[in-house]
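Below is one structure, written out as structure tokens; comments come after it.
No value in this document is a laboratory result; all are computed from the given coordinates. All figures in this text were calculated on a predicted structure; none of them were measured in a lab. Neighbour counts are summed over all protein chains in view; Cβ atoms, including those assigned to glycine, are modelled from backbone coordinates with ideal geometry.
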């Protein structure tokens, strides 16, 4: 029996489990929201929240030795989070946002079951992270329509053609054989 045994093994050895949680925490700190199995998400919550708390407390320290305590906190977090960009995001973006929150920095939202193996899926995200305040891609990139794979035209393309007037005559598609002959 498992009376009083904390945590989930996730069908991994201790070192593999630590590595998995470290990778998930790094992704969570970088992307603010990740999709994973429900068991991993719930275990990640127990792993990531103390890291965020340590960063928050390190930023709140003022007075004598404050810089030494911040450096120490970065090094302690660096033992489990091996990506410098994730640590930088933690100390510059995440910790200042959660300084007034007394824990509960993450939220686990259940999604249902995965199609392939019927595993329970969930999204784990940072609670105080608002997508509107998050850094956005340049507007020019966002306005560009995505190319479609199917042969049917999108409604926007059809509308643009009707506004432009008569359609230009379509060229016949070149086959591989014709392209090879043209290249020679």
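Can you put 20, 175 in order, fewest other beta carbons within 10 Å first? It would help to have the intermediate numbers written out before the result.
Values: 20 17, 175 9.
Going from sparsest to densest Cβ surroundings: 175, 20.
Inverting the pair-averaged 1/r between distinct Cα atoms of the range 14-126 gives 14.7 Å as its Kirkwood hydrodynamic radius.
If we sort 41-50, 54-63 on the protection proxy, mean other Cβ atoms within 10 Å, highest first, what's the order? Display every interim value, and only then the final one.
Numbers: 41-50: 18.7, 54-63: 15.9.
Highest mean packing first, the order is 41-50, 54-63.
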